[in-house]
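None of the figures in this text is laboratory data; all of them are computed from the coordinates on show. It should be emphasised that the depicted structure is a prediction, and the values quoted were computed from it without experimental measurement. Methodologically, a virtual Cβ is constructed for each residue, glycine included, from the backbone with ideal geometry; neighbour enumeration extends over all protein chains shown.
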Amino acid sequence: MGGESKKQLIGEINQLRQQKNAIILAHYYQPDEIQDIADFVGDSLQLAQQAANTDAEVIVFCGVHFMAESASILSPEKIVLLPEPEAGCPMADMINAEELIEEKKKYPGVKVVCYVNSSAEVKAESDICCTSSNAEKVVASLEGQDILFVPDGNLGRYVAAKTNRKIIPWPGFCPTHHRVSKEDVLQSRKLHPDAKVLVHPECREEVWQEADYVGSTSGIIKYAENSSAKKFIIGTECGILHQLQKRCPDKEFHLIAKHMLCPNMKKNSLQKVRDCLLTLSPRITVTEEVREKAIAALEKMLTV
């Protein structure tokens, strides 16, 4: 894509979003140029809140499928578009509604805390949703209850350690974060001894045990902005570096490992955003029956 055509595409996108009364929401893991054209860039929780509160008639969700689905659940009267319909989430695919129903039978009376990285059908079988930003708060709100945490076992174990609660974790994981090892942390520290290590709780326990800070993408950004440190080792998807460098131009950021890339998050492009605004497709919808059950879990999360 030459400079001119990129400029042209951005011009068309700006025109179309005004014409169609559309808002463009982008996750921190999206390609740089997508983050730059978005009306709002955030983590899953911030994006869910934006989707629930926007006056726009059309939501262009630059992220992965479950995020657009959540927007559709929260705003059924709006047109929700996912520019790249093939952008899925391997973690979300590690559990389905049938498996969750079977698992619940083993623990009568259990409360299901469902990470937003899951399908609408799984949310519909859950009591409350959470994101990595508010998982501890959500679990704390269920005082005295047995908790089944789906689908991310790493986040479930992290929350159990932080809240001192007995949590039954589902064996799902994010392939990008799960690949990071303790060795990666130690190696990074050797290369950058004066750097703070900031990691996402989707990483394994052996990784977050070694970190200076564990938090969601927005938490990592906030920590870097407010810290007096000048160097950081970042243990989450590489898309976050764009925001970190923008907000902290005087600081240095290094990825904890070379492979910190989510192929699904990178499937998007300016062309796909322009095309979806032109045709108002592909649309993401959720059946009314699933939506009614799933919205209770999402709305409960938004009030915690």
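So here's what we get for this one:
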item	result
DSSP beta bridges in the chain [antiparallel fraction, %, rounded to 5]	5
Phi-based couplings in Hz for region 121-129 (Karplus 6.51, -1.76, 1.60; Gly and Pro marked x)	5, 5, 4, 5, 9, 10, 8, 7, 8
Likely footprinting exposure, M94, M301, fewest C-beta neighbours within 10 Å first	M94, M301
Pairs from K78/K300; K166/K246; K166/K230 whose Cα-Cα separation, in the structure shown, is over 30 Å	K166/K246; K166/K230
Prolate/oblate/rounded label for region 1-115 (Cα gyration tensor, a/c 1.5)	prolate
Value of Rg/Rh across region 92-172 [Cα atoms, Kirkwood radius]	0.91
Euclidean distance of C-alpha centroids, region 201-270 and region 102-164, integer Å	24
Charge dipole (region 65-211, unit charges on Cβ, about Cα centre) - positive-most of V197, P108, G156	V197
Rounded if a/c under 1.5, otherwise prolate or oblate - region 1-58, Cα gyration tensor axes	oblate
Candidate lysines for bridging to K258, where Cα separation is under 18 Å - those fewer than 8 sequence places away on the same chain excluded	K182, K190, K196, K231, K266
In sequence order, calculated HN-Hα J values of region 94-111 (Karplus, 6.51, -1.76, 1.60; Hz; x Gly/Pro)	7, 8, 10, 4, 4, 5, 5, 4, 4, 5, 4, 4, 6, 10, x, x, 5, 9
Stokes-Einstein diffusion coefficient of region 176-255, Kirkwood radius over Cα pairs, 4 °C, 1.567 mPa s, in µm²/s	105
Region 144-215: trypsin sites (Lys or Arg not before Pro) falling in loop per DSSP and having at most 15 other Cβ within 10 Å	K166, R179
222 nm mean residue ellipticity, helices alone, for the chain (DSSP H n ≥ 4; -39,500 (n - 2.57); rounded to 500)	-13000 deg cm²/dmol
Convex hull volume per residue in cubic angstrom - Cα atoms of region 97-137	67
Cα gyration tensor, the chain - rounded (a/c under 1.5), prolate or oblate	oblate
Choice from D250, D32, D43 with maximal GNM fluctuation in the chain (Cα, 10 Å cutoff)	D250
Inter-label distance for Q18 and S281, nm, one decimal - labels placed 7 Å from Cα along Cα-to-Cβ	2.8
Simple Cβ-charge dipole of region 1-82, Lys/Arg +1 and Asp/Glu -1, about Cα centre, in debye nearest 20	120
